[in-house]
Amino acid sequence: MEYILIIISAVFVSNIVLNQFLGICPFIGVSSKVETAIGMTGAVTFVMVIATLVTYLIYHSVLVPLDIVYMRTITFILVIASLVQLVEIILKKISPPLYQALGIFLPLITTNCAVLGVAVLAVQKDFGLLESTVYAIGNAIGFGLALITFSGIREQLDLLNVPKRMKGVPIAFIVAGLMALAFMGFTGIV
Amino acid sequence: MNQWKNFSKGFIKENAVFVLFLGLCPTLGVTTSAINGLGMGLATTFVLVMSNLVVSLVKNLIPDKVRIPAFIVIIATFVTVVELVMKGYVPALFDALGLFIPLIVVNCVVLGRAEAFASKNTIWSSLVDGAGMGLGFTMALTVLGAVRELLGSGAFFGMKLISGDAMLLFILPPGAFLALGYLLVLANMIKEKSS
């Protein structure tokens, strides 16, 4: 039950993009087509879950015992950067089709603040190992939900007669604002 | 290169937020008030100037293949410095900015300038570039913070201007997206007028 609550709260109540403002760059940058949005979601889910797991283990088995918690930021970003490289190499070897689909998104993920953000948040919230993993999965679903819905709306927007000065990014932000407003309706359900 | 031009491009022509759309997460996340925007902007400016300085100093020592991880380590070092200094001297602001302080590491503006500018230019140019881009970013955050604070709580830098209730929506998450969206429209209008 507790794990279901973590997922619901991560997906709907405090959605990582629309409520916590993490991962805005891919949210605006790769959301003009549904297909690329799905690819990005796949890559982020993959990296986010593994990264949260690995950083959790490193934090609790290396940084805390050695009393060097202030090294958290440097350690986490290095872990994520090398993890992305590793995932890229492994995918290329064992699953070329998946690599073809996710390949171009993987390098972008190193500087996706959602991945580092979730890893740091999971540690800050004092979650256990299983809770952290569930939390990462929930946030990845939340990211996917926001990104894919948003890209669907943007595809439709292309067909509309948007005022010239609002074309592109400005109207995208206004749409995102309205989506965030809709997601506020979930406040208080958990 | 003309250093004044190099400095001033960060404010209007290549403004990180309004023109390049970089560093959007902290832009939306911390701008619930003008003072938070200013604090976040200055913290980012410090990291940007210092990382630009160090990157341009060591640019000839780093092999091309490992340059991105090397840049990230340099940036992360200064972010940790900012984290510790802010925790010690301005704990209230540190708490208000929260997660977004460690996230300066993944701010695309910082890595972007290291890669696109500091790794190719002289130390002095890189310093000026970092200061210009950083202060331009600070300006954008302060403007957005001021707009949201004014609409959302009727105050300006903490001074209450309008008594009674204001549009709370602008302090809440949806207000961040809406306010930035309309500010971008305004920026487009200004751009059209000037050209």
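The values are calculated or read from the model by the stated rules, or taken from the named source; none is laboratory data. Just so it is clear, the structure is predicted and the values come from calculations on it, not from any experiment. Here Cβ is always computed from backbone atoms with ideal geometry, including for glycine, and neighbour counts include all displayed protein chains. Accessible surface is based on the protein model in full, side chains and every heavy atom, while ligands, DNA and RNA are left aside. Shrake-Rupley method; radii C 1.70, N 1.55, O 1.52, S 1.80 Å.
Round to a whole number: what % of the accessible area of the stretch A:2-184 belongs to carbon and sulfur, probe 1.4 Å? On the stretch A:2-184, the fraction of accessible area on carbon and sulfur atoms equals 69 percent. Rolling a 1.4 Å probe over the heavy atoms of the protein chains gives the stretch A:2-184 an accessible area of 44 Å² per residue.
On the beta carbon distance between A:Ile148 and B:Val58, with R0 = 41 Å, the FRET formula returns roughly 0.50. With R₀ fixed at 25 Å, the C-beta to C-beta distance from A:Lys164 to B:Ile12 puts the FRET efficiency at about 0.75.
Highest mean packing comes first when the peptides B:20-31, B:182-193 are listed by Cβ atoms within 10 Å, giving B:20-31, B:182-193. Report the Cα centroid-to-centroid distance between the stretch A:53-73 and the stretch B:131-185 in angstrom, as an integer. Here the answer is 37 Å between Cα centres. Per residue, the convex hull around the alpha carbon atoms of the stretch A:1-86 comes to 135 Å³. Other residues whose C-beta falls under 14 angstrom from the C-beta of B:Phe46 contribute a net charge of 0, scoring Lys and Arg +1 and Asp and Glu -1. Rounded to the nearest 20 debye, the dipole magnitude of the protein assembly as shown is 1040 debye, with +1 charges on Lys and Arg beta carbons, -1 on Asp and Glu beta carbons, and the Cα centre as origin.
Cross-link list B:Lys59/B:Lys193; B:Lys9/B:Lys59; A:Lys33/A:Lys92: which exceed 30 angstrom alpha carbon to alpha carbon? Violating the 30 Å limit, Cα to Cα: B:Lys59/B:Lys193. Mind telling me which of A:Gly138, A:Gly39, A:Gly168 comes out most flexible in a GNM of chain A, alpha-carbon contacts under 10 Å? Sorting by GNM fluctuation, first place goes to A:Gly168. When only alpha carbons are used to place a centre, the stretch B:67-105 and the stretch B:1-55 end up 15 Å from one another. For chain A, modelled as a GNM whose springs connect Cα atoms under 10 angstrom apart, the maximal fluctuation among A:Ile174, A:Ile148, A:Ile28 occurs at A:Ile174. Work out the charge dipole of the stretch A:2-184 with +1 on the Cβ of Lys and Arg and -1 on the Cβ of Asp and Glu about the Cα centre, then indicate which of A:Thr75, A:Ile58, A:Val175 is farthest towards its positive end. Farthest towards the positive pole: A:Val175. Taking the Cα centre of the stretch A:2-184 as origin and assigning +1 to Lys and Arg Cβ atoms and -1 to Asp and Glu Cβ atoms, the resulting dipole is close to 560 debye.
Buried surface between chains A and B: roughly 3200 Å² of accessible area, summed over both sides, computed with a 1.4 Å probe on protein heavy atoms only. For the stretch B:85-195, with all protein chains in place and a probe radius of 1.4 Å, 72% of the accessible heavy-atom surface sits on carbon or sulfur.
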